[in-house]
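Trainee: Here it is, the structure in full.
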């Protein structure tokens, strides 16, 4: 329980102005703490071949239209496919697979038995037939840190109130 003693209307107004600013800062910093922990866990949980997905995971906290908004994720086109998987029956974008094949395999084509094979098409056909198993690195990270979120925010708010002379 938090106790604050205020005497007089002028003191009350000054106190509320200061506390409001401190609480906004505390919530902002608390959300930053949460985003950093989520980012850290997501990086650990991300599947790694050459680490592009892992390295692309970023976090950001900002004020948008008076609200504090935190985001953690990757801007890579295939990040949602890794996170949520892909059902069979859908043929993926071959140009994205071409880039992937160049990065992961080092070539777009391969010669087998004197015949040249187009890797992005072959990979796409396999994904279309079998689907793509989900590997939820971000969802898992959010489940791992969920029990601590309330504690992190409460700690920041308590520090803000104590900085104004309140007792928590």
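Where a number appears in this text, it was derived from the coordinates with a stated rule and is not lab data. Predicted, not measured: the structure shown is a model, and the values here were computed from it. With ideal geometry, Cβ positions are generated from the backbone for all residues, glycine too; neighbour counts draw on all protein chains shown.
Trainee: What FRET efficiency comes out for residue 64 versus residue 144 if R0 is 22 angstrom and r is the Cβ-Cβ distance? Round to the nearest 0.05.
Mentor: Values: r = 26 Å, r/R0 = 1.20.
Between residue 64 and residue 144 the formula returns 0.25.
Trainee: Separate question: What distance in nm separates the two pseudo spin-label positions at residue 36 and residue 95, each 7 Å out from Cα along the beta-carbon direction?
Mentor: The two pseudo-label positions are separated by 3.9 nm.
Trainee: Measure nothing fancy, just the Cα-based angle from helix 9-45's long axis to the longest principal axis of the chain, in degrees from 0 to 90, nearest 10.
Mentor: Compared with the principal axis, the helix lies near 20 degrees.
Trainee: Something else: Å³ per residue of the Cα convex hull, for the stretch 86-132? Present the calculation step by step, with values, prior to reporting the outcome.
Mentor: Values: hull volume 3.2 nm³, N = 47.
Cα-based convex hull of the stretch 86-132, divided per residue, equals 69 Å³.
Trainee: Continuing with the same structure: Subtract the Cα-Cα distance of residue 107 and residue 23 from 0.36 nm times their separation in residues, and report this length gain in nm to one decimal. Walk me through the numbers before you get to the answer.
Mentor: Details: separation 84, 0.36 × 84 = 30.24 nm, distance 5.40 nm.
Once the chain is fully extended between residue 107 and residue 23, it gains 24.8 nm.
Trainee: So for the chain, what percent of the C-alpha to C-alpha distances run longer than 29 Å? List each step's numbers first, then the result.
Mentor: Numbers: 6266 of 14028 pairs.
Tail of P(r) above 29 Å: 45 percent of Cα pairs.
Trainee: Give me the angle, in degrees from 0 to 90, between the Cα long axis of helix 119-130 and the longest principal axis of the Cα atoms of the chain, rounded to the nearest 10.
Mentor: With rounding to tens, the tilt is 70 degrees.
Trainee: What order do you get for 148-158, 27-37, 103-113 when each peptide is scored by the mean count of other beta carbon atoms within 10 Å, highest first? Let's see the in-between values first.
Mentor: Working: 148-158: 15.3, 27-37: 18.8, 103-113: 10.9.
Ranked by mean Cβ neighbours within 10 Å, highest first: 27-37, 148-158, 103-113.
Trainee: Over the chain, calculate the relative contact order: mean separation of alpha carbon pairs under 8 Å at least 6 apart, over the residue count, as a percent. All intermediate terms of the calculation are to be shown ahead of the outcome.
Mentor: Working: 212 pairs, mean separation 55.4, N = 168.
RCO, the chain: 33 percent.
Trainee: Which value in nm describes the separation of the simple spin-label points at residue 162 and residue 71, placed 7 Å from the Cα toward the beta carbon?
Mentor: For residue 162 paired with residue 71, the spin-label model returns 3.4 nm.
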